[in-house]
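**Q** Okay, here's the structure, questions in a sec.
The values are calculated or read from the model by the stated rules, or taken from the named source; none is laboratory data. The structure presented is a predicted model; accordingly, all values stated were derived computationally and were not measured. With ideal geometry, Cβ positions are generated from the backbone for all residues, glycine too; neighbour counts draw on all protein chains shown. Only protein heavy atoms, including side chains, enter the accessible area calculation; ligands, DNA and RNA are left aside. Shrake-Rupley method; radii C 1.70, N 1.55, O 1.52, S 1.80 Å.
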Amino acid sequence: MAKSEIRRFLKEIRTKFPDVVPLMEKHESWALTFLMEEFANLTTILLNQGDLEEALEHLQYMSEKLDTATKAEFEYIDVYYTEHLFCKGTKEGIERGWPLVPDNLKKLYLDFHDKPPRVVV
């Protein structure tokens, strides 16, 4: 059941944010965790590029989804989206993006990382 929930969730993401499809297509369709991480990667790329409007749409969508998430969806948002955000963030992307992260996603990020994102060299 959880896998079918997650497949529906990922389909919803692909439909709402079609720019993520090429990133997700780099992975096998059964690699659900990698597919969600690619959505986090796309959000980070947009922040790095200064496309704050589109990145904010991603963040708001995930924040709203978190409020009504099933247990499986919550895990995917927490572990494979939020924890993965900013992994490839630039200094500028992090400076622009961190203030845009909704409080419920920030809490998940800080619960895992213990501190705000920073550039890893």
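**Q** What is the sum of charges, Lys and Arg at +1 and Asp and Glu at -1, for the other residues whose Cβ falls under 13 Å from the Cβ of ALA31?
**A** Working: positive: LYS3, ARG7, LYS26; negative: GLU25, GLU28, GLU37, GLU38.
That works out to -1.
**Q** Between LEU52 and ALA31, what length comes free when the chain is fully extended (0.36 nm per residue of separation minus the Cα-Cα distance, one decimal in nm)? Before the final figure, lay out the partial values.
**A** Values: separation 21, 0.36 × 21 = 7.56 nm, distance 2.83 nm.
So the extension gain works out to 4.7 nm.
**Q** Rounded to the nearest 10 Å², what accessible area does VAL79 have for a 1.4 Å probe in the complete protein model?
**A** Taking all protein chains as shown, VAL79 has close to 50 Å².
**Q** How much accessible area per residue does the range 1-113 have, in Å², with a 1.4 Å probe? Could the numbers behind the result be given before it?
**A** Values: 6120 Å² over 113 residues.
Dividing the accessible area of the range 1-113 by its residue count gives 54 Å².
**Q** Could you sort GLU5, GLU12 by their accessible area in this structure, using a 1.4 Å probe and putting the largest first?
**A** On the way: GLU5 30, GLU12 75 Å².
My answer, sorted largest first, is GLU12, GLU5.
**Q** Counting pairwise Cα distances across the chain, what percent come out greater than 16 angstrom? Can you show the working numbers first?
**A** Details: 4154 of 7260 pairs.
Tail of P(r) above 16 Å: 57 percent of Cα pairs.
**Q** Could you pull out every one of the aspartates and glutamates with an alpha carbon less than 20 Å from that of LYS88, ignoring same-chain neighbours closer than 8 positions?
**A** ASP19, GLU25, GLU37, GLU38, ASP51, GLU53, GLU54, GLU57, ASP78, ASP111, ASP114
**Q** Not counting ligands, DNA or RNA, and with a 1.4 Å probe, what is ARG8's accessible surface area in Å² rounded to the nearest 10?
**A** 150 Å²
**Q** Take each of the peptides 109-115, 29-35, average the number of other beta-carbon atoms within 10 Å over its residues, and list them starting from the highest.
**A** Values: 109-115: 12.3, 29-35: 15.0.
So the order, starting with the most tightly packed, is 29-35, 109-115.
**Q** Heavy atoms only, probe 1.4 Å: what % of the accessible area of the chain goes to carbon and sulfur, would you let me know? Intermediate values should be presented prior to the final figure.
**A** Numbers: 3730 of 6930 Å².
Of the solvent-accessible surface of the chain, carbon and sulfur hold 54 percent.
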